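Here's the structure we're looking at; comments come further down.
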Amino acid sequence: MGKKGLIITIGVAALIVVGFVWSSRSNDKRLPLVAITQIATHPALDEVRAGIVAGLSQRGYEDGRNIEILFRNANGDASLTTPIAEDFVRRNPAVIVPISTPSTMAVANATKDIPIVFSGVADPVGTGLVTDLTSPQGGNLTGVCDRWPFREQVRAFFNLFPESRRIGMLYTKGDDVSRIGVEAMTEISSEMGFYLRLLPVTAAHDIYPSAQSLLLDVDTIYTGIDHMILENMDGLVKAAGEAGKPLFGGESGSVEKGAVLALSINMTEFGDVTADIVAKILQGIDPGDMPVRVLSDGDLMINRGAAKAFGLDVDALEAGGAVIIDEPGP
């Protein structure tokens, strides 16, 4: 090798070394990654995610400045929750934030080391995520759960529709989250003395014809906490409109899509509480040392168009503290 060739070789080698050192330093300076995932696009879940991002910003953690936020959506396909979780684990984020029970179950199965802050999980003990809400016992996950005010929701509906005593409910067969709502409503129907008819569905295309059939026998359909039902509200709204009967929702997204009312947990607040826990983990606190926080208080939300269609006094409801959603009714 000539002198000139030797110089070129040394120069190339030096560039490789410099590039390696620069790359290593860049990786060392990589912003802490906050990986967020949710089971589907839905107003309530979207509000939770927006509340998380806003809450982190309010606590000094801004995407692109001192943290990096990565978001993945399973788009209603539960089979995608595991690949998303596994991809997150490969990226080794500072914290993973799954929104909804299916997303949380997938992430919890994918890692026992990376901190997890779940949000929007109805029953973390019943699903085996934690053994105790007050003490996750040193594990890698904690979060926020929504203890839905089922009794208060039913009372709110009967207060506005006192002659209605027959409630129908569609639910996804085999879904753990849906099961929670079914069991709660079954118990409440026995205590409060109203008729409850349950009808299982297995796919989105079953919802509209099943709702048509159910509305022949009941005064209203309660949308519950079933993710598949909530993702496909159009079928329920259409069937209720044709039957001239109200939809009774459980969260804000149902009201926005046509349910006449819901006593709904504030999902933005839900996200903010989740952000508070995430911020503490970014500060170095172990998730296993933080109790699961529980939100159960609800705001009465009214769909203006649907309420007027059923003769409700929207102005009086608003004066009484109800949140009015200006969306068309069924």
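The values are calculated or read from the model by the stated rules, or taken from the named source; none is laboratory data. Quantities reported herein were computed from a predicted structural model and do not represent experimental measurements. With ideal geometry, Cβ positions are generated from the backbone for all residues, glycine too; neighbour counts draw on all protein chains shown.
Quick one: which residue in Asp234, Asp217 is surrounded by fewer than 23 Cβ atoms within 10 Å (Cβ to Cβ), in contact with a Lys or Arg (Cβ under 8 Å, 6 or more places away or on another chain) and assigned to a loop (DSSP other than H, G, I, E, B)?
After ruling out the rest, the residue left standing is Asp217.
Regarding the stretch 98-106, can at least one residue be identified that is part of a strand (DSSP E or B), surrounded by 21 or more Cβ atoms within 10 Å (Cβ to Cβ) and modelled with pLDDT of 95 or more?
Yes, the stretch 98-106 contains a residue that is part of a strand (DSSP E or B), surrounded by 21 or more Cβ atoms within 10 Å (Cβ to Cβ) and modelled with pLDDT of 95 or more.
Considering only the stretch 137-205, give the strands (runs of 3 or more DSSP E) lying wholly within it that have at least 1 residues that are within 20 Å of Asp123 (Cα to Cα).
Passing ranges, in order: 141-146, 166-172.
Can we say Leu300 is part of a loop (DSSP other than H, G, I, E, B), in contact (Cβ under 8 Å) with a residue 24 or more places away in the chain and surrounded by 14 or more Cβ atoms within 10 Å (Cβ to Cβ)?
No, not satisfied.
Pull out all pairs, ordered by first then second residue, where Cβ-Cβ is under 8 Å, the residues are six or more apart or on different chains, the first lies in the stretch 237-249 and is buried (at least 22 other Cβ atoms within 10 Å of the Cβ), and the second is assigned to a helix (DSSP H, G or I) and among the β-branched types (Val, Ile, Thr).
Final answer for the pair search is Leu247/Val237; Gly249/Val255.
Would you check if Ala85 is surrounded by fewer than 17 Cβ atoms within 10 Å (Cβ to Cβ), assigned to a helix (DSSP H, G or I) and not assigned by TED's automatic domain parsing to the domain that holds Asp175?
When the stated conditions are applied, Ala85 does not pass them.
Here is a yes/no grid of residues against (1) in contact with a strand residue (DSSP E or B) (Cβ under 7 Å, 6 or more places away or on another chain); (2) not hydrophobic (A, V, I, L, M, F, W, C):
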residue: Ala243; (1), (2): no, no
residue: Glu256; (1), (2): yes, yes
residue: Thr268; (1), (2): no, yes
residue: Ala275; (1), (2): no, no
residue: Val294; (1), (2): yes, no
residue: Gly298; (1), (2): yes, yes
residue: Gly305; (1), (2): no, yes
residue: Gly311; (1), (2): no, yes
residue: Ala316; (1), (2): no, no
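Which one is nearest to the chain's Cα centre (by Cα) among residues in the stretch 118-136 that are of a type in the set (Gly, Ala, Ser), on the phi < 0 side of the Ramachandran plot and part of a loop (DSSP other than H, G, I, E, B)? Quick ask: steps written out before the conclusion?
At the first step, the residues of the stretch 118-136 found to be of a type in the set (Gly, Ala, Ser) are 119-120, 122, 126, 128, 135.
With on the phi < 0 side of the Ramachandran plot added as a condition, the list becomes 119, 122, 126, 135.
Then drop every residue that is not part of a loop (DSSP other than H, G, I, E, B), which leaves 122, 126, 135.
Numbers: Ala122: 9, Gly126: 17, Ser135: 23 Å.
Across the stretch 118-136, the extreme among qualifying residues is Ala122.
Can you tell me how many residues in the stretch 36-46 are part of a helix (DSSP H, G or I) and crowded, with 22+ Cβ neighbours inside 10 Å?
Total meeting the criteria: 2.
In the stretch 107-117, what residues are outside any helix (DSSP H, G or I) and in contact (Cβ under 8 Å) with a residue 40 or more places away in the chain?
Hits for the stretch 107-117 are Pro115, Ile116, Val117.
Quick one: which residue in Ile277, Ile285, Ile281 is closer than 30 Å to Glu68 by Cβ and in a loop (DSSP other than H, G, I, E, B)?
Ile285
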